[in-house]
Amino acid sequence: MAKVNIGLRGWRFEESAVFTEEGEFKPLDEVPEEPRERLVRLTYLVEQPCDACYLIHGEGDVARCARAAIVYGEPGDELLLCNDHEADFLYWYREEGGKAHRGEPAFRDRFHEWFADGGRAPDGYEGLDHVDTDPEELPEPPTPEELHRRLNEGFEGQQIDLHERRDDEDADPADLDLGEVDLGTDYPSR
Ligand SMILES: [Zn+2]
């Protein structure tokens, strides 16, 4: 069975778990819990800046940060990187002891510390071992409006608590604030 990236490279989804045979996103209540959590989280992450760019430019100049293209880590503890900074991450992971922190909640912070301390991959460091897919060509995760519509349409009072008023048929899709989704820590607050 095929594995696919959605929105960002990094998290891989079992195609049959999230797509129908027609290639449409499945209704969320038919998606198993773990990929569902990642899918909902992705709708937020695709809009976020690269962590490394953010460390360089900071809150005051977010506009100069590249949009994330790659996601590593678990929902709530993600490390987001643009194409240019992935090499720095891979160098840290492979050559600077990053791998030892794999799976730890502090994984992201360890990379941030190393990078903020001036850690960088040597010029020309490559070693990308994945097929380099342009994120522009990856399927987009459902938009917040789409998720909202499905929640109002499909759920019979259980499952995702994405919108606390999901039984309100008249709720305006614009009311959906993914910032309230409780899937983990807010980004990039640390
Ligand atoms: Zn970057």
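The values are calculated or read from the model by the stated rules, or taken from the named source; none is laboratory data. These numbers were taken from a predicted model, which means no experiment stands behind them. Using ideal geometry, Cβ is built from the backbone for each residue, glycine included, and neighbour counts are taken over all protein chains shown.
Considering the range 1-40 alone, what residues qualify as being closer than 25 Å to Phe89 by Cβ and among the small types (Gly, Ala, Ser)? Gly7, Gly10, listed by residue number.
Every condition in (1) crowded, with 20+ Cβ neighbours inside 10 Å; (2) modelled with pLDDT of 95 or more is met by Asp117 except one, and the failing one is (1).
The residue that is modelled with the highest pLDDT, among those in the range 44-62 that are in contact with a Pro (Cβ under 9 Å, 6 or more places away or on another chain), part of a helix (DSSP H, G or I) and more than 13 Å from the ligand (Cβ to nearest atom), is Leu45.
Can you name the residue in the range 21-43 that is in a helix (DSSP H, G or I) and of a type in the set (A, V, I, L, M) and, of all such residues, is nearest to the ligand (Cβ to nearest atom)? This residue is Leu42. Residues that are among the acidic types (Asp, Glu) and in contact with a helix residue (DSSP H, G or I) (Cβ under 8 Å, 6 or more places away or on another chain) were ranked within the range 63-83; the one that is farthest from the ligand (Cβ to nearest atom) is Asp77. Of all residues in the range 16-40, those satisfying the criterion of being surrounded by 17 or more Cβ atoms within 10 Å (Cβ to Cβ), within 23 Å of Gly73 (Cβ to Cβ) and in contact with a strand residue (DSSP E or B) (Cβ under 9 Å, 6 or more places away or on another chain) are Val18, Val31, Pro35, Arg38, Leu39. Residues in the range 58-86 that are among the acidic types (Asp, Glu) and over 10 Å from the mean Cα position of the chain (by Cα): Glu59, Asp61, Asp84, Glu86. For the range 89-99, the condition of being within 16 Å of Gly10 (Cβ to Cβ), away from the ligand (no atom under 12 Å from the Cβ), hydrophobic (A, V, I, L, M, F, W, C) and surrounded by 14 or more Cβ atoms within 10 Å (Cβ to Cβ) holds for at least one residue. When Leu80 is tested against (1) modelled with pLDDT of 95 or more; (2) more than 26 Å from Pro139 (Cα to Cα), just one condition goes unmet, and that condition is (2).
Scan the range 55-88 for residues that are out of contact with any strand residue (DSSP E or B) (no Cβ under 6 Å at 6 or more places or on another chain), surrounded by 15 or more Cβ atoms within 10 Å (Cβ to Cβ) and closer than 14 Å to Trp114 by Cα and the total you get is 4.
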